[in-house]
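See structure below.
The values are calculated or read from the model by the stated rules, or taken from the named source; none is laboratory data. These numbers were taken from a predicted model, which means no experiment stands behind them. Cβ: placed from backbone, ideal geometry, glycine included. Neighbour counts: every protein chain shown.
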Amino acid sequence: MPSVDDISNRILVDEKATVAFGGELHDVIRRLCGESAVVYLHGDLGAGKTTLVRGILRLMNHSGAVKSPTYTLLEPYQTDKGDVFHFDLYRLKSPEELEFLGFDEIFEGPGFKFVEWPAQGAGWLPPANVEVSLSLYAPNQTDEEPADSVAQMQRKVSVRFA
Ligand SMILES: Nc1ncnc2c1ncn2[C@@H]1O[C@H](COP(=O)(O)OP(=O)(O)OP(=O)(O)O)[C@@H](O)[C@H]1O
Ligand SMILES: [Mg+2]
């Protein structure tokens, strides 16, 4: 079983590593937060936030597709290990819109709530139990050698529990 220290800072060399990290993160969140947690996912476009949620859902035995909720704002999942609510607030117009959509009930209930672009819901979203930050990482970058193209880049992740 991974500990909080094990997962607090990691380099993820490829997409598979991000998916696997999601599984480890799931174990620790469940141990520390139980059946209900609000998890903010920070990171630029393409940082790997949705990939991480895919890894978590795999570990919860969800076998279907995991689509980015960019246009729908929310993709809900029922798994045999509990409910998952995956939000992507990139296209949210104002934080109040979350209430019009009835999302307040979701945040009051059980389940894991993963939120991409949480700053878009600032002032309305409940505080996070866990904050995850993903960023691009260029392992071969030196002064002489410029950064690799984004497609070749790895990812760095850090996790902080409230
Ligand atoms: N550790 C990694 N190393 C290299 N590529 C990765 C890694 N993890 C994920 N990726 C790739 O990064 C791309 C973008 O991932 P993803 O859609 O998860 O990003 P996102 O943070 O959710 O972006 P958005 O904000 O647009 O929703 C995907 O092509 C995925 O395969
Ligand atoms: Mg995404």
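Here is how the numbers come out for the structure above:
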quantity	calculated
Hits in region 38-57 - residues which are in contact with a Gly (Cβ under 7 Å, 6 or more places away or on another chain) and either assigned to a loop (DSSP other than H, G, I, E, B) or farther than 17 Å from residue 121 by Cβ (or both)	52, 54, 55, 56
Failed item in (1) out of contact with any strand residue (DSSP E or B) (no Cβ under 7 Å at 6 or more places or on another chain); (2) of a type in the set (S, T, N, Q); (3) farther than 18 Å from residue 154 by Cα, with residue 68 passing the rest	(1)
Counted residues, region 24-49 - those being surrounded by fewer than 18 Cβ atoms within 10 Å (Cβ to Cβ) and in contact with a helix residue (DSSP H, G or I) (Cβ under 8 Å, 6 or more places away or on another chain)	3
Scan of region 69-100 for residues that are assigned to a loop (DSSP other than H, G, I, E, B) and touching an Asp or Glu at 6+ places or on another chain (Cβ under 6 Å), ordered by number	69, 70
Residue list for region 8-23, restricted to those being touching a helix residue (DSSP H, G or I) at 6+ places or on another chain (Cβ under 7 Å) and surrounded by fewer than 19 Cβ atoms within 10 Å (Cβ to Cβ)	10, 15, 20, 23
Qualifying residue in region 72-93 (condition: more than 27 Å from residue 138 (Cα to Cα), surrounded by 20 or more Cβ atoms within 10 Å (Cβ to Cβ) and more than 16 Å from ligand 1 (Cβ to nearest atom))	no
Output for region 38-64, where each listed residue is free of Cβ contacts under 8 Å to residues at least 60 places away in the same chain and among the hydroxyl-bearing types (Ser, Thr, Tyr)	51, 63
Out of 55, 43, sole residue that is near ligand 1 (Cβ under 10 Å from one of its atoms) and under 23 Å from residue 103 (Cβ atoms)	43
Residue count for region 6-37, restricted to those that are more than 18 Å from residue 113 (Cβ to Cβ), within 16 Å of ligand 2 (Cβ to nearest atom) and either free of Cβ contacts under 8 Å to residues at least 40 places away in the same chain or not in a helix (DSSP H, G or I) (or both)	3
Exclusive hit being surrounded by 18 or more Cβ atoms within 10 Å (Cβ to Cβ) and at pLDDT below 95, set 101, 125, 52, 59	59
Near pairs, Cβ below 6 angstrom, 6+ apart or cross-chain, from region 65-78 (over 15 Å from residue 45 (Cα atoms)) to any residue that is at pLDDT 95 or above and away from ligand 1 (no atom under 13 Å from the Cβ)	76/85; 77/62; 77/84
Tabulated pairs, region 103-120, first touching a residue at least 12 places away in the same chain (Cβ under 8 Å), second charged (D, E, K, R), C-beta under 6 angstrom, 6+ apart or interchain	110/35; 111/83; 116/49; 116/88
Residue 155 in contact with a Gly (Cβ under 9 Å, 6 or more places away or on another chain) and modelled with pLDDT of 95 or more	yes
